[in-house]
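Here the structure is laid out as structure tokens; the discussion comes afterwards.
The values are calculated or read from the model by the stated rules, or taken from the named source; none is laboratory data. Please read these numbers as outputs of a predicted model, since none were measured by experiment. Note: ideal-geometry Cβ built from the backbone for every residue, glycine included; neighbour counts use all protein chains shown. Heavy atoms of the whole protein, side chains included, go into the accessibility calculation; ligands, DNA and RNA do not. Shrake-Rupley method; radii C 1.70, N 1.55, O 1.52, S 1.80 Å.
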Amino acid sequence: MTTPALVIPPVDTSPPTAAVPETTNYNIVWVEQARLPIAKTQDVLLARFVTRDQATELGFEPAVLTRLATAISEITRNVVQHAGCSGIFQIGRVSNAERVGLRIIVSDKGKGIERPERFIEDAKLGLLGTGLPGARRLVDHFHIQSAPGTGTTVTMEVWKTEATA
Amino acid sequence: MHMRNPQERDRPVAAGRFQCAGQSFLKGCRRLGQRAWRIANKSKVRVRRVEASSLARRLEEEKKDLFALVGEMETEFLATGDGLSHLARRLANIQQECRSLSDLAMGQTQDAAVQFAFQLLKKAEDLVLASYDQYDHLFATFGELQQRIALLSKQHEEIMRVLLPLNFITMSLRIEASRQPAEAQAVFVSLAIDLNRTVNEVRATLEQQIAGFHAGELIIQALVQEISASIQRHRLEVTTALVTSRNHLRAFGDALCNAGAGATELSQLNHAVTKHIGGIVMAQQCQDITRQKIEHVGEAMDEIRNQLDDSRPAAMESGLGTRQFVLHAGQIQLEQVQGVFDELNRAADSVKAGIQGLRSDSGTASDAAVKVGSTALDETVANLCQNGISGILAIIDQAVLRIAEILAAFEPLQAAFINCTTKATSLAGDVRLAALNAQVFAIHAADGATLEVLAGRVRAVSDDAIPRVGQMGAELYQTAQMVNNLGQQLADFQALGKVERDILTDESVLSKEKLAQLEGAIPLMVERISCQQVAFAQSVDAVLAKVQFPTTVAETRSRSLEFFEYLVTWGGADGAGLAMDAAASGNIDRLRANYTMESERQAHAAVLLTGLPLVRAATGLPSSNLLNDVPSAPAADSGAEVFSAGESMPEQPMSEILSASTTIPSTPQPTSVAEEPAEEVALGANVELF
């Protein structure tokens, strides 16, 4: 894939403030140049472009790239359309003794949502493959933390398995 | 103790003789009576022997009938078991198909077609919306550019106004120079010519640049107007395409959901059908324990017959021991046979209920399958959705091309701004230099007071013009920067748009393939399930027609119980309630011992082992597998082992005994839509093991 010369606007490079659940014991290296503000639709495109770029470098299969880019689109689009303020997109490379993967955090300090798990639990909401349930089933690990007035943080992980190697 | 009266001692001897005669008469009578009794007794024994012989024959016949019943039950079980096993396998296949259909239709897979298409639409919409953002930014920038060009025009006019006096000043310089010596005259004329040339050059250049700005502005304005109009059209087209594609996908998704829901409903109905099959198999399993009990009853009947066949005269003469034995043994057997038939009746009721449920539910499932089969799927949806996505991608293409056009239009303008900025800066320097030169020459001239004044005026014009030119230069620089930023941003978006468009184009091809596969696969699966379910319902009727078990049990029950009741009645005649002799009592205890749990378990294991070849023949499974599936008897100290030998077995339904002794480990089943791990369902699913 040809990488166009994109000008990434400067953003706040302070470390993520949202609590990140530790699911496994692994190392993480944040890609600082890939920290993006999420404020408008073009940022959604940029976020998925950056994600594809990172995933391609790690050697993920095209199908996984598509799934991942789709999940990123769903989550960042939620920020643009519903958060009521801009958010931050961060991506990091994770690794442990056996495998490597990507961790993506999309956070905002916007309206937030009450009982976010209901969006995950209700299978009917994801029947059309969109929104949080749609994003959840496209990644290996999905975690959402949100409360009204405090914003939302979505953490996603994909791991490179033998099949995708 | 009775005492004799003394007066009676003196009675006459005659009376004694009469008494002797009477006594001999009585003896004779007694002998006669004894003979008559012997004759009657012989007749009675003969009658008893006839009765016993008849009873023994009936015992033999009844035993044969009971074993015939067991044999018929076993034969029927093998025959129907084979049929039910076949049905269970077919049902398992249908269930598997239902699960696959449900998963496929409900989009349970990660890359489900409809979801993939929906996500693709949203991603394409992102790109379109981002391009609109770019256009909005372009329009905003263009509005600002127009304002800036207007300002530049104004600044240009101001500069021209400021420079205008230089024409008169240079003319005055020439006139004044003509009064000077030839050397000075040449210098000032040359100075005047330079000033004139500079001013003319500045005027021409700035006018040309400003005219260029206006021309560029007009071109861009025309482009912006065109883009603005086309964007309105595109917004409408994209909105329509998105709405249409989503509607198609929704309709398709709804049809798929209906098919999936139908498959789920069918699966649930088939779950009930499996349960019925399991129930029938479970109920028919009673033949296993029935054989065991009938074996014991048969042994007891042999024992009774042996007693009846016993030709010992003493035994037959009194007849009491035989009747007592027959009475007690008959009561035990009656009780056992009643128990057996009660269980068989319950089993028959279960089989009848199972058959009724199986017929009813398989019929309902068949109807449901036909309903699922009639699920309408729009076969053109893949093309329609593809067209919608293609339309959106075409708009994205146009957007990317338009941005390229805009970039091309802005490029000369951007160059013009930069060029103009350079010229303006150079102009300011030239005017200032001319003013300085004029002042220097005027000082050195012999009579240069007038020249000095004129040079001062040139300097004043220069001082007035230079900041104005500087302001204009700054404005030009900012405008150039603004245009440059816009160009950079548009170029970035163009690059991103191209990458996204290429990816989305590939994904749209994939999406079309997925939708087309789904369109092709779902109707085929639905049709296959529908046909299988209808054929299954027909097979159910054929298999159930073979089940005669409830009728056979009902017929045999009344006859058999009637016989054992007669047996008890016969044994109870004359000798009922009397204590048994030791031998008869021992025999009865031995018979009772047959009905202990331990004895039943051993007999059951023996039946299973001897029955294996038959089952193997019916199922085609190797006997080793079946043996492995038969659980070992519980340990002696287990909670179930609470009855000692000789203690009669309490009433225990056969189903409980069966469930305790013939639990077949179920094979792992795929997750069904409605999980109900009932024993009968597992039994129905594993019916081939029987």
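Points worth noting:
- Inter-chain neighbour count for B:492-500: the average number of beta-carbon atoms from partner chains within 10 Å of each residue's beta-carbon is 5.
- Distance between modelled label sites at B:T75 and B:L407, nm, 7 Å Cα→Cβ extension: 9.1
- Separation of the B:A353 and B:A40 label points, Cα + 7 Å toward Cβ, nm: 5.8
- Averaged over B:119-126, number of beta-carbon atoms from partner chains that fall within 10 Å: 6
- With the whole protein complex present, A:R118 retains an accessible surface near 90 Å², based on a 1.4 Å probe.
- Shape class of the stretch B:162-252 from the alpha-carbon gyration tensor: prolate, with a/c at 1.5 or above and a/b greater than b/c.
- Estimated FRET transfer efficiency (B:A535, B:R250; beta-carbon r; R0 25 Å; 0.05): 0.15
- Under 26 Å of direct C-alpha separation, and excluding same-chain neighbours fewer than eight residues apart, B:K154 reaches these lysines: B:K423.
- Rounded accessible area per residue of the stretch B:130-288, 1.4 Å, Å²: 43
- Average accessible area per residue (Å²) across the stretch A:28-160 - probe 1.4 Å, nucleic acids and ligands excluded: 39
- Across the alpha-carbon atoms of the stretch B:422-479, the computed radius of gyration and Dmax are 13.9, 49 angstrom.
- Sparsely packed loop sites in the stretch B:146-181 (the trypsin sites (Lys or Arg not before Pro) outside DSSP H, G, I, E and B with at most 13 other Cβ atoms within 10 Å) comprise B:R179.
- Accessible surface of the stretch B:117-239 [probe 1.4 Å, protein heavy atoms]: carbon and sulfur percent: 57
- Estimated at 0.36 nm per residue, the fully extended path between B:E565 and B:L151 surpasses their Cα-Cα distance by 136.5 nm.
- Label-to-label distance, nm, for residues given as B:L32 and B:E527 (7 Å Cα→Cβ offset): 10.6
- Calculated FRET value between B:E201 and B:V440, using beta carbons and R₀ = 25 Å, to 0.05: 0.65
- A straight Cα-to-Cα reach below 21 Å connects B:K275 with the lysines B:K352, B:K546, residues fewer than 8 places away in its own chain not being considered.
- On the stretch A:28-160, 52 percent of the accessible area sits on carbon and sulfur atoms, based on a 1.4 Å probe.
- Within 10 Å of the Cβ of each residue in A:45-55, the mean number of Cβ atoms contributed by other protein chains is 3.
- Extension gain, B:N485 to B:R57, is 142.4 nm, computed as 0.36 nm per intervening residue step minus the present C-alpha separation.
- With the convex hull drawn around the C-alpha atoms of the stretch A:28-160, the volume per residue stands at 102 Å³.
- Interface residues of the stretch A:69-84, defined as those with an accessible-area decrease of at least 40 Å² between the chain by itself and the complete set of protein chains (probe 1.4 Å), are A:T70, A:R77.
- Association of chains B and A removes close to 2600 square angstrom of accessible area from solvent, both sides included, for a probe radius of 1.4 Å.
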